[in-house]
Amino acid sequence: MTTIVPTSEEDPFLAVVRFTSQLAWADAGPEAAEPEITRLCREAEESIVKEKWLELSTLMVTSAELVSSKISEKDLECTYTIICSIVKKVESPEEVLEIVKAIASKVAQQPSDKASLRLKILFNLYNLVDHPYARFQVYMKALTLAVDGKVTEYIVSSFKKIDNFLKEWNIDIKDQRELFLAIANVLKENKSLVNESLKFLTKYLATFSNEDAQVLDEAKEEAVRAVIEFVKASTIFQCDLLDLPAVAQLEKDAKYAPVYQLLKIFLTQRLNAYTEFQNANPKFLQSYGLADEDCVTKMRLLSLVDLASDESGKIPYASIKDALQVNEEDVELWIVKAITAKLIDCKMDQMNQVVIVSRSSEREFGTKQWQSLRTKLATWKDNISNIITTIESNKVTEEGSQASSSSAAAIQGLSVR
């Protein structure tokens, strides 16, 4: 098997060009191959001498891709290791960016051929580059390659570092938008990561918050996708989609108004509202791949959360039976389901047929919820201040009592003998 071993006799860049061109023209015969190999090597030499690194990188990646299916993974990795090292020869940030784009585009162009190795090559290129925006460009190509090559499992772990990457790359809103959507698409490929997918899709939609109607229109399809993902997800009971302008625009859209209406039901209303919606739009669920049974299950749990948010903290079994539209003997079953899903913390008073709620989740966290939290924090602050004042008062009283006792003891100790 042919393996590239650069020596001091020939420049490594030239060695790669010679190696790949010989393989590319191997089947053409000596008469046709030799002139082409000589021409390509001459072009490479000229680029090296004149330090035309972009031209050299373009020539090298083009040659490498022509033979990528003919050589081993080891040889392809070695070839690209040398090609990627060109970026260390360049001082101009603008030229580095162009070279990175040329290499990364070619690497990602054939995702069906050695996809995992190609992803590794892009990661190596990322680590070689110091230019922040060039790194972003490489990362975006890696995301595309991961999806097209069906190797998303190799890149998912990097999503935990996205906040750090954003600080490093310092990219604008449009690039952030592209990034969040690409990540959401990667995560969508894995059904176990639906929560994370919706998280990044929400981040994507949030980037449209200050845009006009024309730009908002670009996000319409993804807004619909986010709503459907939320409704379909059996383990997600809270989201911040309702107040996002990119989602709110659906309310007045002739085609997608029912989508927004369904989201509003799932975040602010109870099962009866969902039943009315389903009766009025019998074909809607099927058209978006939703199942009525699953929606009813989720709405029952959300209706129970809504009941639990009552300030009294007590829910009669009868209220649960009516709100969830279940038989009396199934009430406790649904309470247990809500506890298991960590939607509520409560105790069941079977004697009095009442649920005593100590905590309940929020279905959405908007202005109303922030105001409620502010009020609670203010109350807790006052309570703590009162406790501190009481403790200090008791401390002063206790110290005074101790001083009086000490004085009395001292007086008693003085006697005339």
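The values are calculated or read from the model by the stated rules, or taken from the named source; none is laboratory data. These numbers come from a predicted model, not from an experiment. Here the Cβ positions follow ideal geometry from the backbone for every residue, glycine too, while neighbour counts run over all protein chains shown. Side chains are part of the model used for accessible areas, which takes the heavy atoms of the whole protein and leaves out ligands, DNA and RNA. Shrake-Rupley method; radii C 1.70, N 1.55, O 1.52, S 1.80 Å.
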### Query
Gap in Å between the Cα centre of the stretch 56-105 and the Cα centre of the stretch 137-208?
25
### 15 Å cut-off, amide nitrogen to a point 7 angstrom out along residue 124 Cα→Cβ, residues in the stretch 55-79
61, 64-65, 68, 71-79
### Message
Past 19 Å, Cα to Cα: identify those pairs from 120/150; 141/188; 160/298; 52/101; 232/321; 141/174, in the order given.
### Response
160/298; 232/321
### Task
State the percentage of accessible surface on the chain attributable to carbon and sulfur atoms; use a 1.4 Å probe and exclude ligands, DNA and RNA.
51
#### Entry: Accessible area, probe 1.4 Å, largest first, for residues 234, 57
234, 57
## Note on the structure
Summing -39500 (n - 2.57) over every DSSP H run of at least 4 residues in the chain and dividing by its residue count gives a helix-only mean residue ellipticity at 222 nm, to the nearest 500 deg cm²/dmol, of -21000 deg cm²/dmol
### Message
Give me the net charge for the shell around residue 38: Cβ to Cβ below 11 angstrom, other residues only, Lys and Arg +1, Asp and Glu -1.
### Response
-1
### Task
Taking 7 Å along the Cα-to-C-beta vector as the label spot, tell me the residue 101-residue 395 distance in nanometres, rounded to one decimal.
6.6
### Query
How large is the charge dipole for the chain, taken about the Cα centre, if only the Cβ atoms of Lys, Arg (+1) and Asp, Glu (-1) carry charge, to the nearest 20 debye?
1240
### Protection-proxy order for peptides 82-88, 171-177, 383-389, each taking the mean of Cβ atoms within 10 Å per residue, highest first
82-88, 171-177, 383-389
### Summary
A student applying the Cα gyration tensor rule (rounded when a/c is under 1.5; otherwise prolate if a/b is larger than b/c, oblate if not) would label the stretch 157-233 oblate
### Three-way shape label, the stretch 233-304, alpha-carbon gyration tensor, a/c 1.5
oblate
### Query
For residue 65, what accessible area in Å² do you get when you roll a 1.4 Å probe over the heavy atoms of the protein chains, rounding to the nearest 10?
20
### Task
Any chance you could look up the accessible area of residue 310 with a 1.4 Å probe, heavy atoms only, rounded to 10 Å²?
80
### Message
Using a 1.4 angstrom probe on the protein heavy atoms only, could you order 73, 211 from most to least accessible area?
### Response
73, 211
### Message
Give me the dipole magnitude in Debye, nearest 20, for the stretch 67-120 about the Cα centre, with unit charges on the beta carbon: positive for Lys and Arg, negative for Asp and Glu.
### Response
220
### Task
Arrange the peptides 190-202, 339-351 so that the one whose residues have, on average, the most other Cβ atoms within 10 Å appears first.
190-202, 339-351
### Query
Farthest toward the dipole's positive end in the stretch 120-239, which of 171, 236, 138, given Cβ charges of +1 (Lys, Arg) and -1 (Asp, Glu) about the Cα centre?
236
### Task
Run the quick spin-label model on residue 272 and residue 290: label points 7 Å from Cα toward the beta carbon, then report their separation in nm to one decimal.
2.0
### Message
Could you report the accessible area of residue 292 in Å², rounded to 10, computed with a 1.4 Å probe on the protein chains as they sit in the structure?
### Response
70
### Query
DSSP H helices in the chain with Cα extent of 15 Å or more along the helix axis and mean Kyte-Doolittle hydropathy at least 0.0?
12-24, 53-67, 73-84, 93-107, 115-128, 132-148, 173-188, 194-206, 220-232, 257-268, 292-308
## Note on the structure
For the chain, the charge dipole (Cβ of Lys, Arg +1; Cβ of Asp, Glu -1; about the Cα centre) points to a positive end, and the Cα of 309, 110, 69 closest to that extreme belongs to 309
### Query
Excluding ligands, DNA and RNA, what is the solvent-accessible area per residue of the chain at a probe of 1.4 Å, expressed in Å²?
57
### Query
Out of (i) 26.0; (ii) 40.8; (iii) 22.7, which label holds the value of mean projected area of the Cα convex hull in nm² that was computed here?
(ii)
### Task
Can you list which of the GluC sites (Glu not before Pro) found in the stretch 262-324 are DSSP loop residues with at most 11 other C-beta atoms within 10 Å?
311
## Note on the structure
Within the stretch 218-298, DSSP-loop chymotrypsin sites (Phe, Trp or Tyr not before Pro) with at most 16 other C-beta atoms within 10 Å are 288
### Summary
Quick calc, the stretch 177-335, dipole around Cα centre from Cβ unit charges on Lys, Arg (+) and Asp, Glu (-), nearest 20 debye, gives 240
